[in-house]
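Enquirer: Handing you this structure, nothing more for now.
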Amino acid sequence: MSIVIERVETASPALAEFLVAHHAEMEHTAPAESRHALVFERLLAPGVRLFAGHLDGRPVSTGALAAVEDEHEEIKSMRTDPALRGRGLGRTMLGFLLTDAEARGIRRISLETGSADFFAPARALYHAVGFRECGPFGGYTTDPYSTFMTLDLPPRP
């Protein structure tokens with residue numbers, strides 16, 4: 001299964017629907033104030049790089065990088081189509097995001113994901129590529145519904 005990943009700079013109905021489903025899927029995982037996924041419009045804002053993976057012309061995965069501070073970005077809105085989970089699409093998107101960040105001189109990537117069992121596969125994926133748990137970063141505060149993780153990227157040659 002080979003997906004095509006491209007940067008998204010304008011909205012499409014199919015991608016908007018895919019991301020609305022992302023929010024709906026997480027409604028049961030935490031109270032509203034503890035869900036931190038960005039709405040579609042904020043994913044297209046300056047300082048955020050949104051990417052979508054397409055298979056046969058339809059979105060099947062998303063991921064975004066949002067600026068935290070100089071040389072530090074956050075992974076936002078990682079999602080894989082539920083019908084295609086477990087096939088490596090999330091790992092492919094994550095690798096793409098890390099390569100994009102590293103090529104631009106980003107030195108640290110952090111993320112917030114849920115602490116519920118629903119997010120266990122995501123946490124396992126992040127651990128598998130070297131992310132480690134950390135405290136809140138950026139504007140986050142300690143929250144029992146959140147797990148914070150970070151990864152130091154190698155310096156650019």
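Enquirer: Being surrounded by fewer than 16 Cβ atoms within 10 Å (Cβ to Cβ), of a type in the set (Asp, Glu) and either touching a helix residue (DSSP H, G or I) at 6+ places or on another chain (Cβ under 7 Å) or assigned to a loop (DSSP other than H, G, I, E, B) (or both) is the filter here; which residues of segment 39-74 pass it?
Expert: Asp56, Asp70, Glu71
Enquirer: Let me ask something additional. Looking at Ala116, is it closer than 16 Å to Met149 by Cα, at pLDDT 95 or above, more than 14 Å from the chain's Cα centre (by Cα) and not charged (D, E, K, R)?
Expert: So Ala116 fails the test.
Enquirer: Among Ala128, Ala101, Ala116, which is the only one that is closer than 19 Å to Pro154 by Cα and touching a residue at least 40 places away in the same chain (Cβ under 8 Å)?
Expert: Ala101
Enquirer: If you don't mind, there's one more thing I want to ask. Residues of segment 75-109 being over 18 Å from Glu6 (Cβ atoms) and surrounded by 21 or more Cβ atoms within 10 Å (Cβ to Cβ), which ones?
Expert: Ile109
Enquirer: Now, a different point. Filter segment 1-15 for residues that are at pLDDT below 85 and aliphatic (A, V, I, L, M); which is surrounded by the fewest Cβ atoms within 10 Å (Cβ to Cβ)?
Expert: The initial filter retains those residues of segment 1-15 that are at pLDDT below 85, namely 1-2, 11.
With the extra rule that they be aliphatic (A, V, I, L, M), the set shrinks to 1, 11.
Details: Met1: 9, Ala11: 14.
Ranking the candidates gives Met1 first.
The values are calculated or read from the model by the stated rules, or taken from the named source; none is laboratory data. Everything numeric here is computed off the predicted structure, so don't read it as measured data. Methodologically, a virtual Cβ is constructed for each residue, glycine included, from the backbone with ideal geometry; neighbour enumeration extends over all protein chains shown.
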